[in-house]
Amino acid sequence: MREGDNISIPMNAVAIASERRPMMRQFELVERVKSYNPDADEALLNRAYVYAMQAHGAQKRASGDPFFAHPLEVAAILTELKLDDATIVAAVLHDTIEDTAATREEIDHLFGPKIGALVDGLTKIKKLDFVSTKAKQGENFRKLLLAVAQDVRVLLVKLADRLHNMRTLHYVPEEKRKRIAEETLDIYAPLAGRMGMQGMRDELEDLAFRHLLPEAHAMISRRLAEVTERSGKIIQTIERDVMTLLRERGVPCEVKGRRKQGYSIWRKMERKSISFEQLSDIFGFRVIVERVEDCYLALGVVHTRWPMVPGRFKDYISTPKQNDYRSIHTTVIGPGSQRAELQIRTRTMHRIAEYGIAAHALYKDGLDSVVGGGLEQESLAYQWLKRTVALLTEEDNPDEFLEHTKLELFHDQVFCFTPKGRLIALPRGATPIDFAYAVHTGLGNSAVGCKVNGGTAPLISELSNGDEVEIISAPGQSPPAAWESLVVTGKARAAIRRATRSAVRRQYAGLGRQIVERAFTRADKAYADEKVKASLPRLARSSIEDVFAAVGRGEMASNDVLKAVYPGLIAEAKPAGAPESGSRQARPAKTGTAKRAGKGGVGAIPITGLEEDLPVRFAPDGGAVPGDRIVGILNPGDGITIYPIQSPALAAFENEPDRWLDVRWDVEGARGRRFPARIALQSVNEPGSLAQVTSIIAEHDGNIDNIEMRRPAPDFTDLTIDLTVWDLKHLNAILSQLRARPVINRAERVNG
Ligand code: MN
């Protein structure tokens with residue numbers, strides 16, 4: 001769906017019929033243009049009128065009016081800005097390529113490539129979908145500016161197009177209406193303001209305000225009407241008094257009082273949290289003089305006659321605003337003790353204040369004659385526009401980029417592209433990981449690498465404006481949990497968290513399933529998913545995976561599952577992996593542990609080694625290596641810890657039989673992995689003794705992780721060494737080699 005000028009059935013065609021006016025006729029269009037531009041190309045205008053009328057044919061607008069009325073009204077708005085033939089013709093043609101059978105080639109042929117380019121630029125902008133997300137707005141805004149960069153007249157037609165659509169917005173369905181009004185307030189009105197087109201901005205804002213906040217708009221309009229009625233005389237008095245005074249002092253001028261716009265009043269009330277009654281400057285007066293010197297002369301006269309309000313004086317003549325606005329502002333306690341805000345300016349300044357960049361756009365080569373008044377440099381607003389567009393194509397980002405207003409929302413963004421040219425807007429600091437998730441969650445989850453602008457780049461590099469990013473993905477990947485702290489977008493962070501959480505959950509569920517199946521085996525019952533499923537209500541879980549994950553995390557005992565399936569059985573069932581009576585005391589308890597190890601062949605959980613994210617780890621002080629007889633201790637919510645059965649640390653779990661798990665080494669799976677072990681040595685203190693120890697370990701393929709040294713007596717050093725080895729045989733071989741050296745008094749395994 002597109003903007004308000006699309007073709008649809010009128011929703012409330014009865015509304016505001018008075019706003020309609022008869023469609024402008026061909027000669028009227030020509031006359032309007034000729035009134036300010038006698039040299040206008042009459043034939044060109046006529047050709048455009050006829051061409052667009054035929055192209056749009058019987059198309060209707062949402063209002064029920066012939067569609068052709070819309071481009072004509074857009075052209076009419078631009079004649080008020082006194083724009084050149086090409087702009088007017090482009091306005092008449094602006095919807096033909098998109099909405100009719102017309103083509104760029106045909107328009108080039110009939111109207112020349114310059115007008116063709118203008119219409120083409122407008123067509124490109126028109127294709128932008130209406131969107132509510134800020135990121136998409138950024139994308140649209142960028143495309144808008146890029147199109148405008150070709151020719152600023154594209155922007156003028158676009159703004160006039162938007163203005164006419166806003167004027168007829170009440171025919172559009174409500175939801176779409178709000179979106180259009182919001183976009184107008186967010187983008188087009190500030191852009192018009194930034195281009196110095198104050199009249200355009202005021203009207204766009206007021207129309208958007210009316211549709212977005214109808215109640216606030218009605219309230220302010222009513223209050224303004226009341227105030228205007230009450231102070232009608234005062235306005236006239238001030239106008240007359242100021243004008244008379246200035247003329248007496250030899251400063252010819254015009255003075256015009258005016259009411260502030262509803263939206264700017266509303267914004268002020270919001271910003272300053274004040275009520276309508278507290279507003280002091282609902283009225284402003286414009287003093288239009290002939291020459292720049294007259295501005296200062298008028299200022300002196302006004303200040304001499306009426307006291308000025310401190311802090312309100314601003315000289316935008318010596319320091320123009322960024323949008324070329326020039327005027328002197330002051331507030332005085334004027335006739336009848338009324339506060340009056342005065343804007344003093346020349347005619348030229350007034351024209352620029354009202355029409356902004358449009359005042360410069362007429363006849364690019366005749367800029368001086370139009371602008372006059374000593375403003376010979378290129379319009380500041382146009383410079384700003386060109387700079388802004390340059391920013392979007394370069395990496396630079398000066399602070400003044402998109403100052404004011406909600407356009408700041410694009411300040412912190414980078415715009416990147418997929419290899420197919422799709423634009424992805426991201427916050428500054430975003431990485432290719434963010435990019436991948438912005439394209440598609442699946443792409444983010446399976447990303448393994450990337451290319452930026454054709455070259456390989458790290459996934460964690462910071463993206464810049466204009467980067468083309470290609471994500472290299474591999475199926476079946478899941479994102480490392482560490483990515484969560486490397487991304488800047490919420491979408492990526494949430495997706496990574498979800499993916500890692502579900503990966504960990506899968507591991508717990510896998511572990512839990514093994515624990516439950518083993519509990520069934522020990523109770524001599526055949527395990528079946530259906531049995532557990534049938535018991536889900538009793539277990540207060542919604543799925544079998546929930547049950548397994550709870551058991552794997554140690555939040556639910558495998559016995560509880562068994563009890564739920566076989567309520568009568570539980571008395572006989574032994575806690576999973578609990579030490580049989582006497583076995584712990586009989587340590588090293590060869591019979592007891594051997595018996596369990598033997599049983600482990602049936603139901604024991606195979607342990608392969610330390611894997612990333614696996615909820616399995618090894619005893620903190622001493623570890624465990626294949627060949628050790630091992631036992632698992634379930635840590636509720638934190639996986640299992642593997643201890644060698646002889647580890648003294650196991651004494652701490654003596655009274656918690658539910659936490660004991662039968663585990664065994666998965667010999668195949670453990671092959672090629674290293675496991676942690678700790679050894680304790682005592683060496684004789686002589687030069688090079690430590691070097692001997694470390695080189696023996698290294699020569700025998702042991703990896704040292706950590707060494708702690710203590711000197712209990714002047715002649716000896718105690719060493720505690722953490723290392724990783726392939727298995728128990730490997731560890732024992734290292735210990736034998738160490739013991740064989742004269743410098744080593746003692747070498748043994750901790751936990752061994
Ligand atoms: Mn249009």
> Does residue 518 qualify as being touching a residue at least 12 places away in the same chain (Cβ under 8 Å), outside any loop (DSSP other than H, G, I, E, B) and more than 19 Å from residue 632 (Cβ to Cβ)?
Replying inline: no
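Out of the residues in the range 721-752 meeting the condition of being open to solvent by 40 Å² or more (accessible area, probe 1.4 Å) and in a helix (DSSP H, G or I), tell me which one is nearest to residue 683 (Cα to Cα). Give the steps one after another, and end with the answer.
Taking the range 721-752 and keeping what is open to solvent by 40 Å² or more (accessible area, probe 1.4 Å), we get 726-729, 732-733, 736-737, 739-742, 745-746, 748, 750, 752.
Remaining after also requiring in a helix (DSSP H, G or I): 728-729, 732-733, 736-737, 739.
Values: 728: 23, 729: 23, 732: 18, 733: 18, 736: 14, 737: 14, 739: 10 Å.
Ranking the candidates gives 739 first.
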> Which of the residues spanning the range 113-129 are small (Gly, Ala, Ser) and open to solvent by 20 Å² or more (accessible area, probe 1.4 Å)?
Replying inline: 117
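Yes/no matrix, rows are residues, columns are (1) closer than 24 Å to residue 231 by Cα; (2) open to solvent by 60 Å² or more (accessible area, probe 1.4 Å); (3) hydroxyl-bearing (Ser, Thr, Tyr); (4) in contact with a Phe, Trp or Tyr (Cβ under 7 Å, 6 or more places away or on another chain):
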| position | (1), (2), (3), (4) |
| --- | --- |
| 243 | yes, no, no, no |
| 249 | no, yes, no, no |
| 268 | yes, no, no, no |
| 281 | yes, no, no, no |
| 292 | no, no, no, no |
| 312 | yes, yes, no, no |
| 315 | no, no, no, no |
| 325 | no, no, yes, yes |
| 331 | yes, no, yes, no |
> So residue 134 fits all but one of (1) modelled with pLDDT under 90; (2) within 16 Å of the ligand (Cβ to nearest atom); what number is the exception?
Replying inline: (2)
> With the range 147-196 as the region, which helices (runs of 4 or more DSSP H) entirely inside it contain at least 3 residues that are more than 13 Å from the ligand (Cβ to nearest atom) and open to solvent by 10 Å² or more (accessible area, probe 1.4 Å)?
Replying inline: 174-183
> Can you name the residue in the range 96-114 that is within 16 Å of the ligand (Cβ to nearest atom), touching a Leu at 6+ places or on another chain (Cβ under 9 Å) and assigned to a helix (DSSP H, G or I) and, of all such residues, is nearest to residue 29 (Cα to Cα)?
Replying inline: 107
>> If I filter the range 306-345 down to residues being out of contact with any strand residue (DSSP E or B) (no Cβ under 8 Å at 6 or more places or on another chain) and not polar (S, T, N, Q), which single residue comes out as nearest to residue 254 (Cα to Cα)?
In response: 335
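Condition check ((1) open to solvent by 50 Å² or more (accessible area, probe 1.4 Å); (2) in contact with a Lys or Arg (Cβ under 8 Å, 6 or more places away or on another chain)) across all residues:
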position: 224; (1), (2): no, yes
position: 233; (1), (2): yes, no
position: 236; (1), (2): yes, no
position: 239; (1), (2): no, yes
position: 246; (1), (2): no, no
>> With the structure loaded, tell me whether residue 217 is open to solvent by 10 Å² or more (accessible area, probe 1.4 Å), touching a residue at least 40 places away in the same chain (Cβ under 8 Å) and under 24 Å from residue 64 (Cβ atoms) or whether it fails that test.
In response: no
> Tally time: how many residues in the range 483-499 are part of a helix (DSSP H, G or I), at pLDDT 80 or above and of a type outside the set (Lys, Arg)?
Replying inline: 7
>> So, in the range 36-63, exactly how many residues are touching a residue at least 40 places away in the same chain (Cβ under 8 Å) and more than 43 Å from the chain's Cα centre (by Cα)?
In response: 9
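The values are calculated or read from the model by the stated rules, or taken from the named source; none is laboratory data. What you see is a predicted model, and the numbers here were worked out from it, not measured in a lab. FYI the Cβ positions are ideal-geometry reconstructions off the backbone, even for glycines, and counts take in every protein chain you see. These area figures cover heavy atoms from the full protein model, side chains too; ligands, DNA and RNA do not enter into them. Shrake-Rupley method; radii C 1.70, N 1.55, O 1.52, S 1.80 Å.
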